[in-house]
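Below is one structure, written out as structure tokens; the observations come after it.
Read the figures in this text as sums done on the coordinates, not as results from a lab. The model shown is predicted, which means the values in this text are computed figures rather than measured ones. Here the Cβ positions follow ideal geometry from the backbone for every residue, glycine too, while neighbour counts run over all protein chains shown.
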Amino acid sequence: MKAQKMDRPNEGIVCSVDTCYYYMQGDRCTASQIHVSPRGSTTSEQTDCDTFYYKKDNS
Ligand code: SF4
């Protein structure tokens with residue numbers, strides 16, 4: 001499921017993945033919602049944002 005890209009940041013999300021389609025300057029995320037997985041993770045390193053969508057040009 002692809003999230004809607006909003007014209008404002010999703011309050012409460014700080015993200016530094018500047019190659020993502022949803023990334024906004026200032027380490028903000030404009031996705032209407034995000035999905036983080038997988039179940040059963042025991043460390044933060046094991047978790048990933050599944051909503052991430054690679055954007056080559058973030059200008
Ligand atoms: S969708 Fe995920 S990876 Fe992309 S900016 Fe939002 S939180 Fe970051």
TODO: Could you grab me the full set of residues in segment 10-24 that are touching a strand residue (DSSP E or B) at 6+ places or on another chain (Cβ under 9 Å) and either under 11 Å from residue 53 (Cα atoms) or in contact (Cβ under 8 Å) with a residue 40 or more places away in the chain (or both)?
DONE: 17, 19, 20, 21, 22, 23
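Which residue out of 41, 16 is in contact with a Ser or Thr (Cβ under 6 Å, 6 or more places away or on another chain), part of a loop (DSSP other than H, G, I, E, B) and not β-branched (Val, Ile, Thr)? Let's see the steps before the verdict.
Working: 16 fails: in contact with a Ser or Thr (Cβ under 6 Å, 6 or more places away or on another chain).
The match here is 41.
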